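Okay, so here's the structure we're looking at.
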Amino acid sequence: MEHNFGGPWTLIKLDVLEAYLKAYTLALKNQGLTLTYIDAFAGTGQCTVQLGDSHVTEDGSAIRALNVEPAFQKYIFIENEKPKIAALKKIQTNYPDRNIEVIEGDANQVIRNLCASAHWGGQRAVLFLDPYGMEVDWHTLEVICATQAIDLWYLFPLSGLYRQATRKRINITEDKRQAINRILGTNEWEQDIYSHSGQLTLLDNDEAEYDRIDVEGLIDYVSERLKQLFPGVSHGLLLKRDNIPMFTLYCAIANEQPKAIGLALKLANYIIDSQPR
């Protein structure tokens with residue numbers, strides 16, 4: 001099955017993740033911990049991206065993780081589409097020396113179940129959240145954080161938030177409001193990301209006078225929301241398509257130990273800051 005999506009920004013996010021996974025397993029290889037890699041939107045294991053006028057097939061996050069040395073002790077790939085599940089199971093047979101579990105289901109629910117059922121005392125994990133849109137619920141992030149054992153890489157759908165949060169506050173529909181509430185975990189965003197325009201209106205309802213903050217303001221707002229939840233959050237890596245902001249890639253650390261936070265953020269920020277802008 002061919003999995004077509006993305007462009008140069010797709011390869012950047014994959015390079016960032018791969019670099020972190022290599023550093024992560026190397027740093028923890030002698031710590032006596034069971035290390036797990038979890039890919040919540042694993043796809044087919046490969047992706048075909050457009051680079052200029054050409055299409056190039058590259059290894060996706062799942063295969064890149066499987067090729068990392070030192071290896072993880074366990075790999076969990078989550079998908080909700082049967083053709084992609086079949087592709088992942090083929091990968092499973094191609095890596096007989098790896099402990100791979102392929103789970104079919106909604107990523108939010110599967111992650112919550114995994115986080116709640118695991119005994120995290122002697123375990124650590126890296127979880128990659130690379131949704132196709134605004135699928136990730138804030139409650140899922142809360143459950144991940146509660147493990148105190150997961151390093152989360154989250155590709156936040158900035159363009160989706162930008163579209164749902166209409167330029168004029170008065171134009172927000174209830175469906176858009178609920179979608180944003182779900183992804184940001186609060187209904188206070190309406191007060192936080194809209195400012196009074198200072199313009200008069202003939203409408204009785206002065207909602208028409210409120211304009212949304214710019215893209216940079218939205219990025220700052222999302223970053224602060226993540227920092228309110230997780231003990232450590234990396235710089236955000238802004239990924240663009242044709243110079244249009246599309247996503248922000250974050251590393252969020254659930255471990256509350258200062259030494260663990262410091263090491264993880266040092267690695268994550270170094271890798272992020274090394275990427276082309």
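The values are calculated or read from the model by the stated rules, or taken from the named source; none is laboratory data. On a predicted model such as this, the values are computed, not experimentally measured, just so you know. With ideal geometry, Cβ positions are generated from the backbone for all residues, glycine too; neighbour counts draw on all protein chains shown.
Evaluation of G121 against the conditions (1) in contact with a helix residue (DSSP H, G or I) (Cβ under 7 Å, 6 or more places away or on another chain); (2) farther than 15 Å from F41 by Cα shows that the sole unmet condition is (1). Among the numbered conditions (1) in contact with a helix residue (DSSP H, G or I) (Cβ under 8 Å, 6 or more places away or on another chain); (2) surrounded by 15 or more Cβ atoms within 10 Å (Cβ to Cβ); (3) more than 28 Å from R241 (Cα to Cα); (4) not hydroxyl-bearing (S, T, Y), the only one that F77 does not meet is (3). So, L152, is that one outside any strand (DSSP E or B), in contact with a strand residue (DSSP E or B) (Cβ under 6 Å, 6 or more places away or on another chain), touching a residue at least 40 places away in the same chain (Cβ under 8 Å) and aliphatic (A, V, I, L, M) or not? Spelling it out, it is not the case that L152 is outside any strand (DSSP E or B), in contact with a strand residue (DSSP E or B) (Cβ under 6 Å, 6 or more places away or on another chain), touching a residue at least 40 places away in the same chain (Cβ under 8 Å) and aliphatic (A, V, I, L, M). Considering the range 10-38, and only residues there that are touching a helix residue (DSSP H, G or I) at 6+ places or on another chain (Cβ under 8 Å) and not in a helix (DSSP H, G or I), the residue that is surrounded by the fewest Cβ atoms within 10 Å (Cβ to Cβ) turns out to be L35. Within the range 42-62, restricting attention to residues that are farther than 18 Å from R241 by Cβ and surrounded by fewer than 21 Cβ atoms within 10 Å (Cβ to Cβ), the residue that is modelled with the lowest pLDDT is T57.
Within the range 160-190, if we keep just the residues that are among the aliphatic types (A, V, I, L, M) and farther than 17 Å from I244 by Cα, the residue that is surrounded by the fewest Cβ atoms within 10 Å (Cβ to Cβ) turns out to be I170. When the residues of the range 218-256 are filtered to those that are at pLDDT 95 or above and over 17 Å from the mean Cα position of the chain (by Cα), the one that is farthest from Y154 (Cα to Cα) is E256.
Across the range 125-159, the number of residues qualifying as surrounded by fewer than 22 Cβ atoms within 10 Å (Cβ to Cβ), under 22 Å from K74 (Cα atoms) and of a type in the set (D, E, K, R) comes to 0. If the condition is being in contact (Cβ under 8 Å) with a residue 24 or more places away in the chain, hydroxyl-bearing (S, T, Y) and in a helix (DSSP H, G or I), then the range 51-105 contributes only S61. As a summary of the residue check, R112 satisfies the conditions (1) out of contact with any helix residue (DSSP H, G or I) (no Cβ under 6 Å at 6 or more places or on another chain); (2) not in a loop (DSSP other than H, G, I, E, B) except for the one numbered (1).
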